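Data block below; observations after.
Each value in this text was obtained by applying a stated rule to the coordinates, not by laboratory testing. Small disclaimer: the values here were computed from a predicted structure and weren't measured. Methodologically, a virtual Cβ is constructed for each residue, glycine included, from the backbone with ideal geometry; neighbour enumeration extends over all protein chains shown.
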Amino acid sequence: MEITEEWVRGLTGWKPFKEGKAMADQGLLAGLKRSADGNLIQGTLREGRLTLRPIVKIGSRGPSDISVQCGCPDHRATGGVCAHAVAVLLSAIAASSGKKPAAPATTSSKTSTPALVPVAWHVHLSPRLETEWLEGKLSLRLQPAAGKPITP
C-alpha cells in the first residue's frame, strides 16, 4: 500500500497531524527504519526528557488496518495515532520520495546568554494563612525586591 500525506491525515485528528507534521518538517525523527515490505516503520524522537520510539505497523486488510506503539502519554491514554506516529509516517514518505527533512535544530555552544543576576524576593503570605493552610489552598505572592541584588 502506498502511504500518502492525505492517508496519514485521515488516520488521526487535526492536532496530532499538525504536531506530527511539524516534527517531521523539523527533522526531529532519527534512525528511521522501514521493513523490506514497507509495512513496519519505526524511528526515534526526543521530546523533552523523553526518548520515544514510535512503531507503526500497516496491515494488509485495508487503509484502516494500522497499529501504533508509542510510549507517549497521548497514545497511552487514547490508543490512537499520536503525533509521533504521524511524524514517523510523514518522514517515511519524505525518505521514499527523496526529500530530506530539515536538519534538527541544534544549540550552538557559541550562543551567548545574558548573565543572570540573582535578585532578592519579597514573599507576601495571605492574611488568611491559617485557614488556607488547613484547607490545603495556601496562596502567596512573590515580588522582586526593587534594586536589591543578592551578593554572596
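Order 135-145, 82-92, 20-30, 65-75 from most to least packed using the mean count of other Cβ atoms within 10 Å. Intermediate values should be presented prior to the final figure.
On the way: 135-145: 9.5, 82-92: 27.0, 20-30: 19.2, 65-75: 16.0.
The densest-packed peptide leads the list: 82-92, 20-30, 65-75, 135-145.
Inter-label distance, D37 to I55: 1.5 nm, where each label sits 7 Å from its Cα along the C-beta direction.
Taking every pair of alpha-carbon atoms in the range 1-88, give the share separated by more than 22 Å as a whole percent.
Details: 638 of 3828 pairs.
The proportion of pairs with Cα distances above 22 Å equals 17 percent.
Stretched out straight at 0.36 nm per residue, the stretch from R128 to L140 would grow longer than its current Cα-Cα span by 3.3 nm.
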